[in-house]
1. Put +1 on the Cβ of each Lys and Arg and -1 on the Cβ of each Asp and Glu in region 56-145; which of T123, G110, L96 then has its Cα farthest toward the positive end of the dipole?
2. When the accessible area of region 9-133 is computed with all protein chains present and a 1.4 Å probe, what percentage of it is carbon and sulfur?
3. Suppose every K and R has +1 on its Cβ and every D and E has -1 on its Cβ; what is the size of the dipole of the chain about the Cα centre, in Debye to the nearest 20?
4. Sort the following peptides by mean Cβ neighbour count (other Cβ atoms within 10 Å, averaged over residues), highest first: 68-79, 18-29.
5. Which ³J(HN,Hα) values, rounded to whole Hz and listed in residue order, are derived for region 49-55 from phi using the Karplus coefficients 6.51, -1.76 and 1.60 in 6.51 cos²θ - 1.76 cosθ + 1.60 with θ = phi - 60°, glycine and proline given as x?
6. Please list 3J(HN,Hα) in residue order for region 60-75, calculated via the Karplus relation 6.51 cos²θ - 1.76 cosθ + 1.60 where θ = phi - 60°; whole Hz, with x for glycine and proline.
7. In the structure displayed, which of K82/K135; K62/K82; K73/K102; K30/K73; K102/K135 lie more than 26 Å apart, Cα to Cα?
8. Between region 68-145 and region 25-46, how many Å separate their Cα centres?
Amino acid sequence: MIYDRIENLNQYGINLNFILTDLENNHFDKGIFEIAYEGCYGIGLEYETKLSANGLWEAHRKYLDIHVVLEGKEIVEIADIKSSISIKEYEDDYELFESKAKHEILLEPGYFLILFPHEVHKTGVLLESVELIKKKVFKRLLGTI
């Protein structure tokens, strides 16, 4: 996991300039969008935060997840995959788990969160009250870093 301010995005030895370029255009649409960079795509998401008990634990094997909240604040809960139990078979780079949070990250505008394949995560957890979240999740194919 890497959690930092957006201006520090390229200080970790991973070329993520395509994210900064995308964010500079200030455009948001819900759904999957293409990125003109090999092995990358993005997803525009809009949802309301919820109680942790109503969220889903997920993990991915082929892609890094880079979360950038554009509006609102959410808690992202994170656990190690070795301490989690798979409850839905892996399919299309998506697997569901049962787990318990080892870390909680406050994700808000101006920050990013990079999640690696061994990090099971639950997004959209409310902080104090329900908030509308607008965010982009950028996907970077492992092996193209």
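1. Sorting the options by dipole projection puts first G110.
2. 49 percent
3. For this selection, approximately 240 debye.
4. 68-79, 18-29
5. Computed from phi, the couplings for region 49-55 are 5, 8, 4, 3, 4, 9, x Hz.
6. Per-residue couplings from phi come out as 10, 10, 9, 10, 6, 9, 10, 9, 9, 7, 9, 9, x, 9, 9, 9 Hz.
7. K82/K135
8. Here the two parts' Cα centres lie 17 Å apart.
The values are calculated or read from the model by the stated rules, or taken from the named source; none is laboratory data. Given the structure is predicted, the values throughout are model-derived calculations rather than measurements. Cβ: placed from backbone, ideal geometry, glycine included. Neighbour counts: every protein chain shown. SASA here: full protein model, heavy atoms, side chains in, ligands and nucleic acids out. Shrake-Rupley method; radii C 1.70, N 1.55, O 1.52, S 1.80 Å.
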